[in-house]
1. Looking at the stretch 8-54, which of its residues are in a loop (DSSP other than H, G, I, E, B) and small (G, A, S)?
2. Step by step: first the residues of the stretch 218-236, then only those that are of a type outside the set (A, V, I, L, M) and in contact with an Asp or Glu (Cβ under 8 Å, 6 or more places away or on another chain), then the one that is surrounded by the most Cβ atoms within 10 Å (Cβ to Cβ). Which residue is that?
3. For G207, work out the one condition from (1) farther than 20 Å from W463 by Cβ; (2) crowded, with 24+ Cβ neighbours inside 10 Å; (3) within 16 Å of ligand 2 (Cβ to nearest atom); (4) assigned by TED's automatic domain parsing to the domain that holds I510 it doesn't fulfil.
4. Name the single residue, out of those in the stretch 291-315 being within 13 Å of ligand 1 (Cβ to nearest atom) and outside any loop (DSSP other than H, G, I, E, B), that is most open to solvent (accessible area, probe 1.4 Å).
5. Given (1) closer than 23 Å to S198 by Cα; (2) more than 16 Å from ligand 2 (Cβ to nearest atom); (3) open to solvent by 30 Å² or more (accessible area, probe 1.4 Å); (4) not hydroxyl-bearing (S, T, Y), where does E74 come up short, assuming only one miss?
6. Quick test of your reading of the structure: N372 fulfils all but one of (1) within 21 Å of L52 (Cα to Cα); (2) modelled with pLDDT of 95 or more. Name the failing condition by number.
7. Can you report the number of residues in the stretch 540-573 which are without any contact (Cβ under 8 Å) to a residue 60 or more places away in the chain and touching a helix residue (DSSP H, G or I) at 6+ places or on another chain (Cβ under 6 Å)?
8. Restricting to the stretch 22-36, name every residue that is touching a strand residue (DSSP E or B) at 6+ places or on another chain (Cβ under 6 Å) and either surrounded by 14 or more Cβ atoms within 10 Å (Cβ to Cβ) or within 30 Å of K355 (Cβ to Cβ) (or both).
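The values are calculated or read from the model by the stated rules, or taken from the named source; none is laboratory data. Fair warning: this is a prediction, and the values are worked out from it, not measured in the lab. Reconstructed Cβ throughout: ideal geometry from the backbone, glycine too, with neighbour counts over all protein chains shown. To get the accessible areas, we keep the full protein, side chains included, count just its heavy atoms, and leave off ligands, DNA and RNA. Shrake-Rupley method; radii C 1.70, N 1.55, O 1.52, S 1.80 Å.
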Amino acid sequence: MSALTTNKSVLSWIDEKVELVKPDKIVWIDGSKEQIEELRATACSTGEMIKLNQELLPDCYLHRTAVNDVARVEGRTFICAPTKEEAGPTNNWMEPSEAYEMLYDIARDSYKGRTMYVIPYSMGPVGSPFAKVGIELTDSIYVVLNMVIMTRVGKDVLEVLGDSDDWVRGLHCRCDIDEEKRYICQFPQDNTIISVNSGYGGNVLLGKKCFALRIASYQGWKEGWQAEHMLILGIQNPKGEVKYICAAFPSACGKTNLAMLIPPELYEKKGYKVWCVGDDISWIRKGEDGRLYAINPENGFFGVAPGTNVKSNPNALASTKKGTIFTNVAHNLDDNTVWWEGLDKNPPANAIEWKGNPWNGQESEEKGAHPNSRFTAPAVNCPCLSSEFENPNGVPISAIVFGGRRAKLAPLVYQSRDWNHGVFVGSIMASETTAAAAGAVGVVRRDPMAMLPFCGYNMADYWQHWIDIGATLDADKAPKIFNVNWFRKDDEGNFMWPGFGDNLRVLDWIIDRCEGKVDAKETEIGYIPYAKDINIEGLEGEVSLESLESILAVEKELWQEDAKGVEEFYAKFGDKIPPVLVNELETLKKNVQ
Ligand code: OXD
Ligand code: MN
């Protein structure tokens, strides 16, 4: 098949990689329906994918990864900047020439007997001023078909690229899925990503975490914009006005649920609506009117399946009903559909679990789906997809929200005093770990701006970049910055806030604050709502004014402890830590003494 472009930088890079990995065949992905059908058929014929019930789940497929390859591998993810200091203390670092040599040794000849797929893709609507082009080479049809859902793939991307050299190079080699030789390497200075020995989403769909966060965060630093681990949602009030919020949460803290939230009945009756622009990544830049605008660079949702159900997230569930690839969920053999823990209370008896073994969900103690099993669903399927989803200029941001999973400490919501204090609030984010990344679950770790595993350069420079962006914004145009915690528990270990759709009650307060419509109490850590200003109508029996007061309380001793943790964390950055943040920490310490 002949190349789809005459761009010399593209062709010479591909030639080099062909020479290295030695594919039997090269296929350019043009994004056409026919080609996608052909690839699906090939993947089914080799067992790489299973075609599901086409009446119930049209164009849906199931895939199982290797058992040793089910999550992002942060320990094997590297930022290959010229110096260790440029990568910073929170990233693994490898010297670029050494990294290339090691990766090329692993990749050499690894496509023998296989096909090289060349995927031209755009992050962001094709041709948007925010958008960036990438090319991923892969030997996996699963990757191709996922990229077709998650990004904009095809010829038009190459037309927009023209002769430009400004595109991100991505080489993915499955090799033998050997954990010991698994590496996910970003070379920000070279616009290059190399991923070897994995077939799991976050490690191999190079447009997502590797490009749209790690490489793009570096590009944003150099070019004056921001790539953030943030969902984007629009809240429409009964007057029809829509305000947009970007929110950052660590992996598997309910970002997809929040992004697609269904308003509580009370709000729905009044005429509130929530629109989803994105569930994972925001690219943010200043618009001509001086406000910050955000796009979602992705084109689909790579959501965590377990826990997704008609109650928790009907919109996500609806999004998975066509054109979706399921990964590592259980396969119901009776009707050739899929199942996961938390989908319903009726696990299939005649099924295959995520590892590929027969499974009786009615009897087995084992899980049917892996806790990090996923659906890759086209954004267009989402019933609450924003009409602004394709807007090349993005949506104006009223508020930025940070959040984490904290059983204690962080109140339900608080507002920062100003932009720089907001940067501080983001920088001290911490959360209890989940199954989205390999490693222990339930341990508190610092995860500034939810970017710990995704920042492509020194996090101290990243914070300074936030501060610098703020300095260019007029105070009345800058988004207000908040922190939320849906996961506070009482002494018996019960969640104190119902979460899900009821989170709109908190977002409502946030928007009111942005519009100067409601007062707040100034406390040691920032502005906290008066309990009466959070609408709890309809939550009788679940939340009372008193319980609300207790999840809004600032417990000084806990904050003193936490400030020590922040100090230790900051110490890792030595004197690179922005003075603004040092001062904010001093203020916090004084306030909570
Ligand atoms: C994700 C993650 O998959 O953050 O979005 O792990
Ligand atoms: Mn994510």
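1. G31, S32, G47
2. Our first condition is that a residue be of a type outside the set (A, V, I, L, M); within the stretch 218-236, this holds for 218-226, 228-229, 234, 236.
Next cut, in contact with an Asp or Glu (Cβ under 8 Å, 6 or more places away or on another chain) only: 221, 229, 234.
Working: W221: 22, H229: 26, G234: 21.
By that ranking, first place goes to H229.
3. It fails just one condition, (4).
4. Top of the filtered list is V304.
5. (2)
6. Result: N372 fails condition (2) only.
7. 5
8. Across the stretch 22-36, the qualifying residues are P23, I26, V27, W28, I29, G31.
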